[in-house]
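Undergrad: Below is one structure. I have some questions about it.
Since every read-out is calculated from the coordinates, none of them should be taken as a lab result. Here the structure is a predicted model, which means the values were calculated and not measured. All Cβ positions, glycine included, derive from the backbone under ideal geometry; neighbour counts span all protein chains shown.
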Amino acid sequence: MDYYSKNLTEDIALLESEIATHFPNSVDEFYNVLGRYHLDAKKYEEAEKTYKKCLVKRPNSFRAHDGLSKVHTARKEFKKAAESSRQAIVYAKEVKARQWQLNELQSNLDHILELSKK
């Protein structure tokens, strides 16, 4: 369902509030899912705002840094993308993320660096 076409932005705000109140440990996941939705819809400004909102609440969120790297990559802002990607790797290591997650983050950084050479 596309909440843009159904004008469900108020519902998203309500959902955000309820998650923050009743499930504070899930806030990071909420923002990352929403940011990914915006990114997939090519709404890069909204995606960036969402990931940054996540970082205000959870500055060490490697998923939010990874999401920002993908927003910057889509905009061809490769220097910013690489910086965000490197931050994602640092924070993922700090929280002892699973190896497959670290592999994906490294692969994303390698992809960004390859694109920046073109």
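Undergrad: Taking the mean number of other Cβ atoms within 10 Å as a proxy for protection, how do you rank 80-87, 13-20 from highest to lowest? Walk me through the numbers on the way to the answer.
TA: On the way: 80-87: 20.4, 13-20: 12.5.
Going from most to least packed, we get 80-87, 13-20.
Undergrad: Taking a 24 Å limit on the Cα-Cα distance, which of the listed pairs 53/93; 70/93; 96/118; 52/80; 43/96 fall beyond it? Mind dumping the intermediate values first?
TA: Numbers: 53/93 22 Å; 70/93 19 Å; 96/118 33 Å; 52/80 14 Å; 43/96 31 Å.
Distance filter (> 24 Å) returns 96/118; 43/96.
Undergrad: Another question about this same structure. Output the relative contact order of the chain, whole-number percent, from Cα pairs under 8 angstrom with separation of 6+ residues. Kindly include the intermediate steps, with their values, before the conclusion.
TA: Working: 114 pairs, mean separation 19.8, N = 118.
So the answer I get is 17 percent.
Undergrad: Of 82, 50, 62, whose Cα points farthest to the positive end of the dipole of the chain (charges on the beta-carbon: +1 Lys, Arg; -1 Asp, Glu; origin at the Cα centre)?
TA: Farthest towards the positive pole: 82.
Undergrad: Another question, then. For the Cα atoms of the chain, what angle does the longest principal axis make with the long axis of helix 27-40, in degrees from 0 to 90, nearest 10?
TA: The answer is roughly 70 degrees.
Undergrad: Right, another one. Please get the size of the charge dipole for segment 54-97, origin at its Cα centre, with Cβ charges of +1 on Lys and Arg and -1 on Asp and Glu, quoted in debye to the nearest 20. Could the numbers behind the result be given before it?
TA: Numbers: 11 positive and 4 negative charges, 13 e Å.
That gives segment 54-97 a dipole magnitude of about 60 debye.
Undergrad: With θ set to phi - 60°, apply the Karplus curve 6.51 cos²θ - 1.76 cosθ + 1.60 along segment 65-80 and write out the HN-Hα couplings as whole Hz, x wherever there is a Gly or Pro.
TA: Values per residue, Gly and Pro as x: 5, 5, x, 4, 4, 6, 5, 5, 5, 4, 8, 6, 9, 5, 5, 5 Hz.
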